[in-house]
Structures are given as C-alpha cells and as structure tokens.
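Down below is the structure, laid out as structure tokens.
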C-alpha cells in the first residue's frame, strides 16, 4: 500500500477510535458511582486517609503501582512525573504501591519523581479496588470523587503494555516493526 493510501486508512482508524472513546466516556459518565471506605495509608510523614488526599480538589486520581521491582510500572511512573503538575490543575494525584514509605521515598528519589506517593501495605485498598488478587498485584488507576461526606469511585481501569496510559508504546507503533520484543527496564 502506498504511503498516502496507508495514511488515509490510518486516519480513518483514528476517527473510529475517537468515536469509540466518546462512547466509553458516555458510558463511564452514566455509571453509578461506588461508595468506598476512607482507607488509611502510610507516608513518610505518617498516616493519611483517602479523604485527605483530595486536598482542595473534588476528584482524586490514584495510580495502582506494583512497586520498584516492576519495570513497566516504573516506566509509567516516569511518565507521570512529566504530567502530574498538569493533572493536578483538575484533580489530586497520587501513586500508591504496596512498598513501605521508606522504600518508596528512596526509589522515587533515584528516579527524580516529584509526585506524592502512599503505601497501601497493611490495608485492603488494592484488593477492594480490584488491583490485587490471589495471582498478585495489577497496575491501573482509580478515580474518586468527594461528594458531601462520601467518597465515591467513579472510574477505574487496568494498565498493560500498549495501553492509553503509556506513550512509549504509541511512539513505537509508528516504527515499522512496532515495539517488537522490547520491554521496559529499570535501568538501560
């Protein structure tokens, strides 16, 4: 297929994806929120509750990160470091992992991360949100809304290689061979 023809076909696929995204947003907006508990987390500064993580925001985005041993989670978090200051103009933002706060702090410093982190070690938060099972941890994101005295989960999704939350794979998709057998590493 000649380049102009392929470009036209790709543009059509992108329009179809955009239309599906609109349907997904509408479905998500129509979903009944799920009330959740005011979980307690650990930080280097001490305990903090889910309700406190909102700050002055109505919404809170919590990233479910598997920890410093996961190369993909580390790559995603490297990306958040560049965007979290944009995100926090609309919603509070925090990364949660099962590691103790001291481990989080040391690893975050080694990566240059500036976003806040919380530890869900010792509570059922990840499991209750669907990001831990008998098979282990799963990465993803949950979005919460503070409404009156309630905390509501309004959306969530899992992360996986090539998803909408990792630009690296989308850039690799533009290469003739795609990502191939590439997989992220903690250090290159």
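Coordinate-derived values only; no laboratory data. It should be emphasised that the depicted structure is a prediction, and the values quoted were computed from it without experimental measurement. No Cβ is skipped: glycine too gets one built from the backbone with ideal geometry, and neighbour counts run over all protein chains shown.
Values computed for the structure shown
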| quantity | calculated |
| --- | --- |
| The chain, relative contact order in percent, only Cα pairs under 8 angstrom and at least six apart counted | 25 percent |
| Rounded to 10°, Cα long-axis angle of helix 71-87 versus longest principal axis of the chain | 80 degrees |
| C-alpha long axis of helix 3-30 to longest principal axis of the chain, angle in ° | 30 degrees |
| Inter-centroid distance (Cα atoms) of the stretch 107-133 relative to the stretch 13-38, Å | 24 Å |
| Residues 137, 182 arranged by fewest to most Cβ contacts within 10 Å | 182, 137 |
| For the chain, built as a Gaussian network whose Cα springs stay under 10 Å, the top-fluctuating residue of 49, 14, 111 | 14 |
| Gained length - residue 186 relative to residue 24, 0.36 nm times residue gap less alpha-carbon distance | 55.0 nm |
| Residues 15, 138, sorted so that the one with the fewest Cβ neighbours within 10 Å comes first | 15, 138 |
| Nearest-0.05 FRET efficiency for residue 88 and residue 175, computed from C-beta distance (R0 30 Å) | 0.40 |
| The chain: angle of helix 101-111 to the longest principal axis, Cα-based, in degrees nearest 10 | 30 degrees |
| Gyration tensor (alpha-carbon) shape descriptor, the stretch 41-87, a/c threshold 1.5 | oblate |
| Value at 222 nm in deg cm²/dmol, rounded to 500, when DSSP H runs of n ≥ 4 in the chain each add -39,500 (n - 2.57) | -11500 deg cm²/dmol |
| Whether the stretch 34-173 is rounded, prolate or oblate, judged on the alpha carbon gyration tensor where a/c under 1.5 counts as rounded | rounded |
| Ranking of 186, 20, 48 by count of other Cβ atoms within 10 Å, fewest first | 20, 186, 48 |
| Among 133, 96, 142: highest mean-square fluctuation, GNM of the chain, C-alpha pairs under 10 Å | 133 |
| Length gained when the stretch residue 163-residue 51 is fully extended (0.36 nm per residue, less Cα-Cα span) | 37.4 nm |
| Extension reserve of the residue 81-residue 40 stretch, reckoned as 0.36 nm per residue once the Cα distance is removed | 12.3 nm |
